[in-house]
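Visitor: Sending over a structure as structure tokens; questions will come in a sec.
The values are calculated or read from the model by the stated rules, or taken from the named source; none is laboratory data. Note that the coordinates shown come from a computational prediction; the quantities given were computed from them, not determined experimentally. Every residue, glycine among them, receives a Cβ derived from its backbone with ideal geometry; neighbour counts consider all protein chains shown. Keep in mind that these areas ignore ligands, DNA and RNA; they rest on the heavy atoms of the full protein, side chains included. Shrake-Rupley method; radii C 1.70, N 1.55, O 1.52, S 1.80 Å.
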Amino acid sequence: MTSALSAFGNSLHDGTRTLPFVRRRRTFYLISIIVLLVLGTIGALRGPSLGIEFTGGSEFQISGVQDADQTIARDVVRERVPTNEPKITVLGQDTLRVQTEQLDSAQTNALAQELASGYGVDTSAVSTSFVGPVWSGDITQKMLRGVVVFLVLVALTMALYFRNLKASIAAMLALLHDMVFTIAVYLVVGFEITPATVIGFLTILGYSLYDTIVVFDKVRENTEGLLDQERLTFAEQVERAANQTLVRSINTSVVALLPVGSILAIGAFVLGAGTLKDISLALFVGMIAGTYSSILLAPGILVDLRRGEPLIAAHARRVLADRDGRDPEPEPVVHETTDDDADAPDSAELDDDEPEDEAPTPAESTAHRTGAPRTRTQPRRTPRRRRNAPRRGQP
């Protein structure tokens, strides 16, 4: 298995085998659009599950319970605060987390005692916390500001590194795909969005950009002397770079996904909801999306953005024309004036009796109408007079 994968990677690197990542780029565009539309629609119907850090409210954690039945906590909250629908989550095997809307001190103490009584634990086993709306709004604004600043700085850095703005735009479009895909999956799964989710989200932004930069760096290496060779076009060189970095991207992703997947499984199925679960889901989904976009989307976007550049388009025409065995389209020829042309007399200086071009013969006219080739007879011209020779009628 290892030897087969190594031989496959070598064949991709030396060009003996090529996967059509760029040639089939519109197919990958369509697949991504369909997946994003489906996941986005489902996620929009479900709605986001924002954590208490973003919505504000009161939180109760009941530890050491014998029966982690959520119905008990729901009935207690509905009886004490009828207008409040609680959000209840099981943490591990013997801990429950109950989140409600904002409660005052008296309501919080009374509800904590009733929760302890309902689960048969001591009052000290119920911990309470409160998040105000001002703090939650402030953390939300800082999160959005941090994401925007990160994206702007990264876009400028990539434009300077590659010395090409279109490469930066292609990488940012691929990154936008990863962001939307991760958010859509998170909404579909229904995990709570917490500050840990934001940390994981920012982490996968960096991972996705790193993978795309590796591919684009190989593109820059392959296209460094593009105009000096007539063998491969710009699109073919970009596709070659994507093939050469494919195995590396897969190996890097697998190595990263194994521990993240383990953390996700432990956090979701063993420990229950918590920081591990929130951050690991964002990392797991984002890494998969980043690997997909860096190989299947970003190279194609780069080709579409740069295919209209005059030098790249002219080079592609020359390569394809040479490959088809035909001459490329001729370049326009600019006539240069020589000294002989400057000394040549105008038509007015020629003799009046100088014969004009002979009319075409009937055979030539027939050949012209039928489309057959004909031979044009060059007219005879009298020798050009010297400038010092006197004209006819002059002394």
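Visitor: Sort out which residues of the stretch 33-51 are open to solvent by 20 Å² or more (accessible area, probe 1.4 Å), part of a helix (DSSP H, G or I) and either farther than 26 Å from Val188 by Cβ or in contact (Cβ under 8 Å) with a residue 24 or more places away in the chain (or both), and write them in order of number.
Guide: Within the stretch 33-51, the first condition is being open to solvent by 20 Å² or more (accessible area, probe 1.4 Å), and the residues that meet it are 33-42, 44-50.
Keeping just the survivors that are part of a helix (DSSP H, G or I) gives 33-42, 44-46.
Result: Val35, Leu36, Leu39, Gly40, Ile42, Ala44, Arg46.
Visitor: With the condition kept exactly as written, say whether any residue in the stretch 112-124 is out of contact with any Phe, Trp or Tyr (no Cβ under 8 Å at 6 or more places or on another chain), open to solvent by 80 Å² or more (accessible area, probe 1.4 Å) and not hydroxyl-bearing (Ser, Thr, Tyr).
Guide: If we filter the stretch 112-124 for residues that are out of contact with any Phe, Trp or Tyr (no Cβ under 8 Å at 6 or more places or on another chain), which is where we start, we get 113-114, 116-124.
Pick out the ones that are also open to solvent by 80 Å² or more (accessible area, probe 1.4 Å) and you get 113, 117, 122, 124.
Pick out the ones that are also not hydroxyl-bearing (Ser, Thr, Tyr) and you get 113, 122.
Among the residues of the stretch 112-124, at least one is out of contact with any Phe, Trp or Tyr (no Cβ under 8 Å at 6 or more places or on another chain), open to solvent by 80 Å² or more (accessible area, probe 1.4 Å) and not hydroxyl-bearing (Ser, Thr, Tyr), which makes the answer yes.
Visitor: Being among the hydrophobic types (A, V, I, L, M, F, W, C) and open to solvent by 30 Å² or more (accessible area, probe 1.4 Å) is the filter here; which residues of the stretch 125-140 pass it?
Guide: Within the stretch 125-140, the first condition is being among the hydrophobic types (A, V, I, L, M, F, W, C), and the residues that meet it are 125-126, 130-131, 134-135, 139.
Of everything in the stretch 125-140, those that are among the hydrophobic types (A, V, I, L, M, F, W, C) and open to solvent by 30 Å² or more (accessible area, probe 1.4 Å) turn out to be Phe130, Val134, Trp135, Ile139.
Visitor: Now for a different question. Against the conditions (1) farther than 22 Å from Phe8 by Cα; (2) out of contact with any Leu (no Cβ under 9 Å at 6 or more places or on another chain), where does Gly267 fall short? Just the number, please.
Guide: Every condition holds for Gly267 apart from (2).
Visitor: Name the one entry in Met143, Met172 that is in a helix (DSSP H, G or I), open to solvent by less than 60 Å² (accessible area, probe 1.4 Å), touching a residue at least 24 places away in the same chain (Cβ under 8 Å) and within 27 Å of Val198 (Cβ to Cβ).
Guide: Working: Met172 fails: touching a residue at least 24 places away in the same chain (Cβ under 8 Å).
Unique residue meeting the criteria: Met143.
Visitor: Going through the stretch 224-264 one residue at a time, which ones are within 19 Å of Met158 (Cα to Cα) and open to solvent by 30 Å² or more (accessible area, probe 1.4 Å)?
Guide: Matches in the stretch 224-264: Glu224 only.
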